[in-house]
There are 2 protein chains.
Amino acid sequence: MASSSSVRLLLLIVLVTIPASLSHTILQIPPNRHASEDRKLRADDNLFCDSWRFSVETNDAGTWDSIPSRCVGFVQDYMTGSRYASDSAAVANFSLAFGQAVKLGGDGKDAWVFDIDETLLSNLPYYEAHGFGSVTFDEEAFDEWVDLAEAPAIPASLNLYKGLQRLGFKIFLLTGRSEFQRNATVKNLLYSGYSDWERLLLRGPSDKGTLATEYKSKKRAELITEGYRLHGSSGDQWSDLSGFAVARRSFKLPNPMYYIA
Amino acid sequence: MASSSSVRLLLLIVLVTIPASLSHTILQIPPNRHASEDRKLRADDNLFCDSWRFSVETNDAGTWDSIPSRCVGFVQDYMTGSRYASDSAAVANFSLAFGQAVKLGGDGKDAWVFDIDETLLSNLPYYEAHGFGSVTFDEEAFDEWVDLAEAPAIPASLNLYKGLQRLGFKIFLLTGRSEFQRNATVKNLLYSGYSDWERLLLRGPSDKGTLATEYKSKKRAELITEGYRLHGSSGDQWSDLSGFAVARRSFKLPNPMYYIA
């Protein structure tokens, strides 16, 4: 093939003209490096940031305000590359497998609780324009983004949502968003493909100032009092999944961009 | 430099003699690939296995018996390369930072609970010889390994252990190992650098057949009854950290090799 020969000729010329130190670099790939054609992250930053992410996703890190400045490129790569989509899909697969194994009561009381932001909907377009969690949270700017009602669905979560509905689960949406955002939230959910939830629970005036863990536990407890069996619960924050009145199984979705207590 | 010139000449010869398709491979590194000089893992296996690990470490995967066969190379790389050491160190750092922030009572009742296997001691030499968690657990072979008392300390955990002792915490070791392994366990702990723990709690005859979550919760509850304040708890299994009578903060260490309910 003529084109292959010319590529080889070009390589030959390139290697003759570049310094020996550089040609050495081309053939020596450092171990455990996440190579990227667009960004050359330093291997030690990558290792540090991946371990930071481990600590965040297991909740070992506890409360944190913003991602480490040296991890902005790492989080950007993680969120916009294939890893975030792959991790989200793995969680959805384990969730659906569990849902399929549940023996439903057939009385309409089998329930699954979903958080919304970074669980059903992705605010990545907003965070792409706001430093991927490296800058202080701007509530006003985020509320404007919510009002646009343009957050796309996380594909694996939409698939899980519909799968659970087909199995017969009642879906409860339990979000830290406020009542004044109800219309925009409903509009966004429908726009991105979600429908037929049983109830959408938002923060009312009396929930103001309550920590997410407490607010969400209280709401789950009310559902249990109503006779619902909370088989599964999906959320990107540990405050979606811990506290009291927890579901039989909790599913932690990835989110290395922000933390809610 | 004469040696650099000969390297370049060698490269030249190599590139002229290898087929064009292969020379193409050398220069095109796929994005998000964990390059390794020893093993060439396929990028899709790597992505799959990293997401499987996410699900395991967050407990989304629930109960599992052995690592997926396609992930043996991935787990080997993770455990024997820099990632496991880095993740363990990150957890230890967050643990110590929390310990340093605790206001101790000064009455000798401030406590920290450690699991042993894959928390203080590493059984990696055993698992390296037994497929890194890809083969069914062989209790007899593992007990023989425990009797050798040669498991090395996880360096970051040893550092944390000593740091917490200096701060004044009482250390409780709470393990799934059995009473008949007490001597070997003490010998191994001392050999690898651990000393001066307050108490070593092993499974007695009455704990046989109890799930780890239940057994460990019961033991923690007894410590609380004795007046101890459980500030922190470190373990590689969610069964070390969940259930009841949990510590104020729980720290999940990495372990993609095995699962204990």
**Message:** Among DSSP bridges having both ends in the range B:43-252, what percentage is antiparallel? Round to the nearest 5.
**Reply:** 5 percent
**Message:** Taking the alpha-carbon distance from A:K208 and a cut-off under 17 Å, which aspartates and glutamates remain once sequence neighbours fewer than 8 residues away in the same chain are dropped?
**Reply:** A:E139, A:E140, A:D143, A:E179, A:D240
**Message:** Below 8 Å, C-alpha to C-alpha, sequence gap of six or more: please give me the relative contact order for the range B:43-252 in percent.
**Reply:** 24 percent
**Fill in**
Cross-link reach from A:K170 to lysines, straight Cα distance under 21 Å and at least 8 residues apart if same chain, gives A:K103, A:K109, A:K162, A:K187, A:K216, A:K218, A:K219, A:K252
**Request:** Using only atoms on other chains, find how many Cβ atoms lie within 10 Å of each Cβ of peptide B:135-142 and report the average.
**Result:** 0
**Request:** State, to one decimal in nm, how far the label point of B:N159 lies from the label point of A:I224, with both points 7 Å from Cα in the Cβ direction.
**Result:** 4.1 nm
**Asked** What ranking do A:K187, A:K103 get, fewest neighbouring Cβ atoms within 10 angstrom at the top?
**Response** A:K103, A:K187
**Prompt:** Shielding of A:47-56 by partners, i.e. mean partner chain Cβ atoms within 10 Å per residue?
**Reply:** 6
**Asked** Quick one: what does P(r) look like for the range B:43-252 with 10 Å bins over all Cα pairs, in whole %?
**Response** 8, 33, 38, 18, 3, 0
**Prompt:** Placing +1 at every Lys and Arg Cβ and -1 at every Asp and Glu Cβ, with all other atoms neutral, what dipole size does the range A:197-243 have around its Cα centre, in debye to the nearest 20?
**Reply:** 80 debye
**Distances in nm from A:R182 to the matching label points in the other copies, shortest first (labels 7 Å along Cα to Cβ)** = 6.3
**Neighbour cut-off at most 13 other Cβ (10 Å), DSSP loop, chymotrypsin sites (Phe, Trp or Tyr not before Pro), the range B:183-261** = B:F244
**Item:** Other copies of A:A101: label-to-label distances in nm, shortest first, labels 7 Å along the beta-carbon direction
**Value:** 3.6
**Complete:** Between the alpha carbon centres of the range A:35-106 and the range B:84-130 the gap in Å comes to 23 Å
**Request:** Quickly work out the A:K208-to-A:K109 label distance, labels modelled 7 Å from Cα along the C-beta direction, and quote it in nm with one decimal.
**Result:** 3.6 nm
**Prompt:** Given a cut-off of under 8 Å on Cα pairs at least six residues apart, what relative contact order in percent is computed for the range B:131-261?
**Reply:** 22 percent
**Request:** In nm to one decimal, list the spacings between the B:K162 label point and its equivalents in the other copies, with label points set 7 Å along Cα to Cβ, shortest first.
**Result:** 5.8
**Message:** For the pair A:R166/A:E198, report the inter-label distance in nm, with labels modelled 7 Å from Cα in the Cβ direction.
**Reply:** 2.1 nm
**Request:** Please identify every one of the chymotrypsin sites (Phe, Trp or Tyr not before Pro) in the range A:94-164 that sits in a loop by DSSP and has no more than 15 other beta carbons within 10 Å of its own beta carbon.
**Result:** A:F137
**Request:** Please name whichever of B:C49, B:G62, B:G232 sits farthest to the positive end of the charge dipole of the range B:43-252, dipole taken about the Cα centre and charges placed at Cβ: Lys and Arg +1, Asp and Glu -1.
**Result:** B:G232
**Item:** Qualifying GluC sites (Glu not before Pro) for the range A:170-261 [loop in DSSP, other Cβ within 10 Å: at most 13]
**Value:** A:E226
**Taking all pairs of distinct alpha-carbon atoms in the range A:120-207, Kirkwood radius in angstrom** = 14.1 Å
**Prompt:** Ranked by Cβ crowding within 10 angstrom, fewest neighbours first, how are B:K252, B:K216 ordered?
**Reply:** B:K252, B:K216
**Complete:** Quick calc, the range B:43-252, dipole around Cα centre from Cβ unit charges on Lys, Arg (+) and Asp, Glu (-), nearest 20 debye, gives 1180 debye
**Prompt:** Counting only other chains, what is the mean number of Cβ atoms within 10 angstrom of the Cβ of each residue in peptide A:60-67?
**Reply:** 4
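Values quoted throughout were computed directly from the atomic coordinates according to the rules given, and no laboratory measurement underlies them. Please read these numbers as outputs of a predicted model, since none were measured by experiment. Positions of Cβ are backbone-derived with ideal geometry, glycine not excepted, and every protein chain shown enters the neighbour counts.
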